[in-house]
Every structure is written in structure tokens, then in C-alpha cells.
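K.L.:
First the structure, which I've put down as C-alpha cells, then a few questions once you've had a look.
The values are calculated or read from the model by the stated rules, or taken from the named source; none is laboratory data. Because the structure is predicted, anything quoted here is derived from the model rather than measured. Using ideal geometry, Cβ is built from the backbone for each residue, glycine included, and neighbour counts are taken over all protein chains shown. With ligands, DNA and RNA removed, areas are computed over all heavy atoms of the protein, side chains included. Shrake-Rupley method; radii C 1.70, N 1.55, O 1.52, S 1.80 Å.
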Amino acid sequence: MKRILLALLVCPIVFLAAEPVKAQTNEKALTLEKRSALASGVTTRQFEQIMTMPEVPAAAFELGSLDAANDQQKVVLEALNYLGVPYVWGGATPEGFDCSGLVSYVFERAVGKPLPHYTVSQEAYGKEVALSELQLGDLVFYGERGASYHVGIYVGEGKMIHAPQPGESVKVIELKYYQPDFARRLLNEGPNPSQQPANTGEGLNERYIFRLYNPKQGEHFYTANVNEATSLRDRSKWQYEGLGWVAPRKGKAVYRLCNPNTSDHVYTISWEEAQYLKKVGWRDEGISWYSGGAKPLYRLYNPNATVGSHHYTLSQAERDYLIKQGWQAEGVAWYALRAY
């Protein structure tokens, strides 16, 4: 009986002591974590900011047609090789990365561009760009300029890849859940697609639609093929008018057909219309691009024209102007992701 009473008296004491021991263990772990952080070069303030970063879930991500055609794409492709690598204070190898270590390693490997291993030092490179104008490979920073505590690499579609914080690993997240404070562009932008046909700056899972004009025939032509756009521009009769809109790489097909007698082109999302035009002699030229997004793209018809009788525009102002000139509105042709 004495042994049973003694056990009942001891058990509550052990149970009550468990929580303080856990708290002491957590405090000890945090102290060791802080010691490792300070040894890697971060300040106490930066350590506190990193440790209180929100834990954002990994985002779904598709490569699309990314093929290392330019430095921007090379950087993104290289960064994606390290998804899942654990976070390590001061880490700058595939054995473990911290945020700036991932950036410096990727830029060196992808484009031979050496960068220092410190977010504040990396701020000094390139030029600042608006967060609304991010391109592949841009660096997005968190914190005040001159005192940033975190950095990631923009990969398109409103997402970045980064090495978050202790206990996590390299992953892609959506910026809307963790908004950066400013951004820097370290890579050459290449040709401006609004001035000449180019894919530079094209985001993942999106395509630029190039717009050209033939003043002799009053005809517009649209294509997602940069080589076709360049070829037409080099013919003296065609004028390059920049990007008409940005389309997705997946969605509802937009068909392109050509009248062999006039070289007039029609673009349509309607399979039935495409089949009808083929029956009356139009040549099927396949799928031009895809419809998808929230921006309506308008189709108009000129009843007085034999060539270039249809026009397509994302601009309501252009649509309304053409209607005043006698064109007939034919409604929404399809949808685009955005204007350039």
C-alpha cells in the first residue's frame, strides 16, 4: 500500500515538470539557431525577421516552353534544379542554401555572374524595377533598402523560388502570399518586344502575340511565332506594331485560316466557323494561340473591305474608334491574359 501511495505522489510531479523542460529545450534550440545565424553574417535584427517570416506553402509550377534561350531563362532553369535542398545558415552549395547563397550559386552557375553572399550586398547590383514589371530572373527583396533580410528569384506567373528559413527547403511560392518590398534586375533584358519581335521577357506559360500591318492592303496580321513576325517585318510592305496581347500556352484553341485568293486571314475560337471556312475554300493554318484569362479581345468587321476585313484588338478605345469609322462590332473573339 505504501508503494502505491508513493507512486501516486510522484507521478503528478513528473507531469508538471514536463512543460518547463520543453520550453527550456525550445529556448536552447533557438539560442543555437541564433548562434549559427550570427556566425553566417546576419545581424540580430535580420535573424528575428527571418525567423518570423510566414510559412507559405509551395506553389504548383510548370516549366512550359522554357528552353534556356536567354540568360533570364537560364537562371530560372538552374534555380529549379535545387528544389528541396534544405535551408542552412550561410549555405551556398547544393548541400544546403540560405536565401542569398541560393542566388549567388545560381547566377554563377547559370550565367557566370559572381555575386556576394549577402542580401544587402546583392542589392547593389543591377537596377531597380517596379514590382508590377517583373521579368524572369529578377531578384525580389524583403525589408528596407540597405537592410534587406531576404531575397528570392522571380520565375514568372507571380511566383518566386527561394530558400525560406530554418526547417524548410528551397521551393516555389506565390508572391501574393508574401509580398516583396522591392526588386532588382541584374540580367540584360535583350530586345524590347514592343519595338521588335522578341520573346525576351515572356513569362512561363504565356506567349506574346505580335501584331503587324500592311498599309498597302490595310491588313493586320497576328502571330505567336517570333520568326514569322520577324520575316514579315523584314519585308518592306509590313510594319511591326508591337505586341497585341499576351496569351496563355494552354486553353481554348484559336484557329487561323487564310483565303488563298486574297491572302486575308481570319482568327476564330469557333470550331464550327473554322470548318465552314474550310468548306468554302479557306486554307486551314492550324492553331495560332490559345484563349484564356480575364481580358476580352474584340473582333470587328469592315463591310467595305475585301482584304483585311477583320480586325482584333484588346483596346476598347480602338474598338470604339473603328466602330465610328463604319466597322461592325462582332463581340468578344476570345480572352487574353493581359496587355503587354
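K.L.:
Here are some residues: ALA198, ALA229, ALA224, ALA183. Which one is under 30 Å from PRO54 (Cα atoms) and among the hydrophobic types (A, V, I, L, M, F, W, C)?
P.N.:
ALA183
K.L.:
Mind telling me which of the residues SER194, SER121 ends up being part of a helix (DSSP H, G or I) and hydroxyl-bearing (Ser, Thr, Tyr)?
P.N.:
So the residue among SER194, SER121 that is part of a helix (DSSP H, G or I) and hydroxyl-bearing (Ser, Thr, Tyr) is SER121.
K.L.:
Looking only at segment 159-188, count every residue that is small (Gly, Ala, Ser), open to solvent by 30 Å² or more (accessible area, probe 1.4 Å) and assigned to a loop (DSSP other than H, G, I, E, B) and tell me the total.
P.N.:
Qualifying residue count, segment 159-188: 1.
K.L.:
Which residues, counting only those in segment 131-155, are open to solvent by less than 50 Å² (accessible area, probe 1.4 Å) and aliphatic (A, V, I, L, M)?
P.N.:
Hits for segment 131-155 are LEU134, LEU136, LEU139, VAL140, ALA147, VAL151, ILE153, VAL155.
K.L.:
Another question about this same structure. Filter segment 248-285 down to residues that are touching a helix residue (DSSP H, G or I) at 6+ places or on another chain (Cβ under 7 Å) and of a type in the set (A, V, I, L, M, F, W, C) and give me whichever is surrounded by the fewest Cβ atoms within 10 Å (Cβ to Cβ).
P.N.:
VAL266
K.L.:
Something else: All but one of (1) within 29 Å of LYS250 (Cβ to Cβ); (2) over 16 Å from the mean Cα position of the chain (by Cα); (3) in a loop (DSSP other than H, G, I, E, B) hold for ALA58; state the number of the condition that does not hold.
P.N.:
Evaluating ALA58 over (1) within 29 Å of LYS250 (Cβ to Cβ); (2) over 16 Å from the mean Cα position of the chain (by Cα); (3) in a loop (DSSP other than H, G, I, E, B) leaves (2) as the failure.
K.L.:
Let me ask another. Would you check which residues across segment 126-156 are within 11 Å of the chain's Cα centre (by Cα) and within 23 Å of TYR105 (Cβ to Cβ) and list them?
P.N.:
Scanning segment 126-156 gives LEU134, GLN135, LEU136, GLY137, ASP138, ILE153, TYR154, VAL155, GLY156.
K.L.:
Exactly one of these conditions fails for LEU243: (1) open to solvent by less than 20 Å² (accessible area, probe 1.4 Å); (2) modelled with pLDDT under 95; (3) in a strand (DSSP E or B). Give me its number.
P.N.:
Going through the list (1) open to solvent by less than 20 Å² (accessible area, probe 1.4 Å); (2) modelled with pLDDT under 95; (3) in a strand (DSSP E or B), LEU243 breaks only (1).
K.L.:
Provide a single number: the residues in segment 292-340 that are under 30 Å from THR200 (Cα atoms), open to solvent by 70 Å² or more (accessible area, probe 1.4 Å) and in a strand (DSSP E or B).
P.N.:
3
K.L.:
Let me ask something else about it. Could you grab the pairs with beta carbons closer than 6 Å, sequence gap of 6+ or different chains, first residue in segment 212-233 and free of Cβ contacts under 8 Å to residues at least 24 places away in the same chain, second one surrounded by 15 or more Cβ atoms within 10 Å (Cβ to Cβ)?
P.N.:
That search, which allows pairs on different chains as well, returns LEU232/LEU212; LEU232/TRP238.
K.L.:
How about segment 106-121: which of its residues are within 21 Å of the chain's Cα centre (by Cα) and within 20 Å of LYS159 (Cα to Cα)?
P.N.:
Those that are within 21 Å of the chain's Cα centre (by Cα) and within 20 Å of LYS159 (Cα to Cα): VAL106, PHE107, ALA110.
K.L.:
Taking the options GLU108, GLU123, GLU128, GLU95, name whichever one is buried (at least 16 other Cβ atoms within 10 Å of the Cβ) and of a type outside the set (A, V, I, L, M, F, W, C).
P.N.:
Within the list GLU108, GLU123, GLU128, GLU95, the selection yields GLU123.
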